[in-house]
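J.: What follows is a structure written as structure tokens; I'll ask about it next.
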Amino acid sequence: MQTAADLKALLGRIDRRGYPAYKDTKGSYQFPGYVLSIDHVQGDPFAAPSRISIHVSGKEAAFPANLYRTPCQRIALQDALTRQFARQAESASHQARGSGHSGLIAVSRCGQEILERTACQLDPKSGSILVRLEVGFPANGRTINARELEKILFELLPRCVEASLLYRRLDAKYLQAVADLAEDQQYIRQALTKLGLCAFVADGSILPRASGVCTLAMEGGVAFRSPKELAVTLDLPHRGPLTGMGIRRGVTLIVGGGYHGKSTLLKALESGVYNHIAGDGREYVITDDTAVKIRAEDGRSIRHTDISMFIGALPNGKDTAAFVSEDASGSTSQAANVVEGMEAGTSLLLMDEDTSATNFMIRDELMERVIRRDMEPITPFIHRVRELYDRHGISTVIVAGSSGAYFHVADTIIQMDHYVPKDITALAKKEAQAFPLTCAPLEPAAVPAFDRRPKPSPALRGAGRVKLKSLGRDGVSINHETIDLRYVEQIADGEQTAALGYCLLYAQNHLFDGRRTLQQVVAALDALLEQQGLSALWEGSRSGAFLARPRKQEIFACLNRYRDLLV
């Protein structure tokens, strides 16, 4: 390994040469207290920035093992260090100047959710820390300005490392609070099953967000208070007793007037599959981590999905036991989303009437009389929702503002009144008696067949270097194919969509063999991420990319929306 002095001498030799001479800097260099690796050098100052990694030994970083004793604590600590490094990098960025991206210093920008990322990785055995970042190598035009890069590498970055990655320089109480919060959140998550709950919302939580495009808590937002009928008290390892609303397994209906907080509560439950940072307002909103948000998705691709439990014989003769569509309707897309959620192993479906296909959710009495059941291929969700729980153990939480028919099938009915929840189950059930359901009960549907066995796509076979680009949370582009993920609403970060693209490429190269089922493929991908981490998706490349770990449910969603998926 070369030394920092070697790097400084090299920079002196290439100063004022053409930009390609920066390629000579690639390699690892021992700095005081850490190793700096230049993993990828940009082609010119206007190209994507160069990628650098910093490795601090466990002895030098010296974080106490109790801060990362469990996986959830380790991920929370990595998240806290990423945020700290990002703050330091932001203050140092562009202090060195030049053309294009010259002087940029950047690391992952974290949202409110705590995600496992490639930006910062802590080895649980040694305590060593690896941080990946982007740096714009400075230039004047396309001529190297090595003095400015020397400023970055020998002045600015050492300050960032010193202020971010060494325990002795950080707030010990804050780091302990991060670890304690992570352990408390995990305690709640594990308690859900034991208590027969699918979600928990703590009293005092602030669920409304600052705006529709901002995930920060609304200033002055109404604090959540559980109705006494649904109140549950948990004794957390660090915080101690915490009371909140427990949403029981089964069928739960959330009702109320417009703008009273129905969808706000559902949004919090959607996001509750992830842990949140302190101060978010939803730190103690914890949802079954297999939960899937279901909605209509007009125009999505469907590949041989068995939707027969919801869609019967179609006039065009399409096989609904292996349904294929390039541009599914609202009802067929929502049916596919439910069945694919089952295939992905969900225990909880989340639905909002506003984003659902009306004819998928319900048919009223007048429509039943005019259009006989034998003339309608769609079996509305209301006729299967109890079956999903009673036979398959899948709970459902539905937001409804206009359809009272679900009162009949719900176990729990919550009314949101000015953001305050009320348990109105008894009242709603009593009133529903005056409006009985007219349709006779249906026979249970056959269990959907989950036997799709993907094969390698010719679109990617022999294509040489594959170009992969994340489109934020909206999707991922692979060569000329865009996988539309706009309506996979539980993707929290664009780095997750990038990881989903890499998952698809890995599956294409190693797992799509026509023998493994889609469930087996996703299980193998999830095991790979669990055992080897996200960097295993890079196929040996050290430079890699900024990735955040997606859930199994989002891996399924991505593969299901890949139009060239061959099954």
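J.: Scan Thr243, Thr264, Thr215 and give me the residue that is out of contact with any helix residue (DSSP H, G or I) (no Cβ under 9 Å at 6 or more places or on another chain), surrounded by 14 or more Cβ atoms within 10 Å (Cβ to Cβ) and assigned to a strand (DSSP E or B).
T.: After applying the criteria, what remains is Thr243.
J.: Something else: From (1) of a type in the set (A, V, I, L, M, F, W, C); (2) surrounded by fewer than 23 Cβ atoms within 10 Å (Cβ to Cβ); (3) in a strand (DSSP E or B), pick out the condition that doesn't hold for Val131.
T.: Condition (2) is where Val131 drops out.
J.: If you don't mind, there's one more thing I want to ask. Output the residues belonging to the stretch 1-51 that are among the hydrophobic types (A, V, I, L, M, F, W, C), farther than 26 Å from Leu166 by Cα and surrounded by fewer than 16 Cβ atoms within 10 Å (Cβ to Cβ).
T.: Ala9, Phe46, Ala47, Ala48
J.: For Asn337, which of the numbered conditions (1) in contact with a helix residue (DSSP H, G or I) (Cβ under 7 Å, 6 or more places away or on another chain); (2) assigned to a helix (DSSP H, G or I); (3) buried (at least 24 other Cβ atoms within 10 Å of the Cβ) fails to hold?
T.: That leaves (1) as the condition not met.
J.: Here is a follow-up. Identify, from the list Ala507, Ala523, Ala498, the residue that is among the aliphatic types (A, V, I, L, M), part of a helix (DSSP H, G or I) and surrounded by fewer than 22 Cβ atoms within 10 Å (Cβ to Cβ).
T.: Answer to the selection: Ala523.
J.: Applying the selection to the stretch 389-407, what residues are surrounded by fewer than 21 Cβ atoms within 10 Å (Cβ to Cβ), at pLDDT 95 or above and in contact with a helix residue (DSSP H, G or I) (Cβ under 8 Å, 6 or more places away or on another chain)?
T.: Once the filter is applied, which keeps residues that are surrounded by fewer than 21 Cβ atoms within 10 Å (Cβ to Cβ), at pLDDT 95 or above and in contact with a helix residue (DSSP H, G or I) (Cβ under 8 Å, 6 or more places away or on another chain), the stretch 389-407 yields only His392.
J.: If you don't mind, there's one more thing I want to ask. What residue, of Ala445, Ala434, is over 24 Å from the mean Cα position of the chain (by Cα), in a loop (DSSP other than H, G, I, E, B), closer than 27 Å to Glu326 by Cα and not assigned by TED's automatic domain parsing to the domain that holds Glu554?
T.: Ala445
J.: Same structure again: I need the full set of residues from the stretch 267-284 which are of a type in the set (D, E, K, R) and part of a helix (DSSP H, G or I), in order please.
T.: Lys267, Glu270
J.: Go through the residues of the stretch 538-546 one by one and say whether even a single one is among the polar types (S, T, N, Q), more than 15 Å from Arg117 (Cβ to Cβ) and either assigned to a loop (DSSP other than H, G, I, E, B) or under 17 Å from the mean Cα position of the chain (by Cα) (or both).
T.: Checking the stretch 538-546: at least one residue is among the polar types (S, T, N, Q), more than 15 Å from Arg117 (Cβ to Cβ) and either assigned to a loop (DSSP other than H, G, I, E, B) or under 17 Å from the mean Cα position of the chain (by Cα) (or both).
J.: (1) of a type in the set (Gly, Ala, Ser); (2) outside any loop (DSSP other than H, G, I, E, B); (3) in contact with a helix residue (DSSP H, G or I) (Cβ under 6 Å, 6 or more places away or on another chain); (4) farther than 30 Å from Asp411 by Cβ: which one isn't true of Gly472, the others all being true?
T.: Result: Gly472 fails condition (2) only.
J.: Give the number of residues within the stretch 177-212 that are in contact with a Leu (Cβ under 7 Å, 6 or more places away or on another chain), farther than 26 Å from Leu348 by Cβ and assigned to a helix (DSSP H, G or I).
T.: Qualifying residue count for the region: 2.
J.: In the stretch 1-51, which residues are farther than 20 Å from Gly98 by Cβ and charged (D, E, K, R)?
T.: Those that are farther than 20 Å from Gly98 by Cβ and charged (D, E, K, R): Asp6, Asp39.
J.: So the check is Cβ under 6 Å with 6+ separation or different chains; which pairs have a first residue in the stretch 352-372 that's touching a residue at least 12 places away in the same chain (Cβ under 8 Å) and a second one that's part of a helix (DSSP H, G or I) and of a type in the set (Phe, Trp, Tyr)?
T.: Sorted first by the residue in the stretch 352-372, then by its partner, the pairs are Phe360/Phe381; Met361/Phe381.
J.: Is there any pair linking a residue in the stretch 421-447 that is under 16 Å from His383 (Cβ atoms) to one that is charged (D, E, K, R) and modelled with pLDDT of 95 or more, with Cβ under 6 Å and at least six apart or on different chains, and which?
T.: Filtered contacts from the stretch 421-447: Pro444/Glu387.
J.: Does the stretch 11-25 contain at least one residue that is at positive phi and in contact (Cβ under 8 Å) with a residue 24 or more places away in the chain?
T.: Yes, some residue in the stretch 11-25 is at positive phi and in contact (Cβ under 8 Å) with a residue 24 or more places away in the chain.
The values are calculated or read from the model by the stated rules, or taken from the named source; none is laboratory data. None of the values given here were measured: they were computed from a predicted structure. Here the Cβ is made from the backbone with ideal geometry for all residues, glycine too, and neighbour counts use every protein chain on show.
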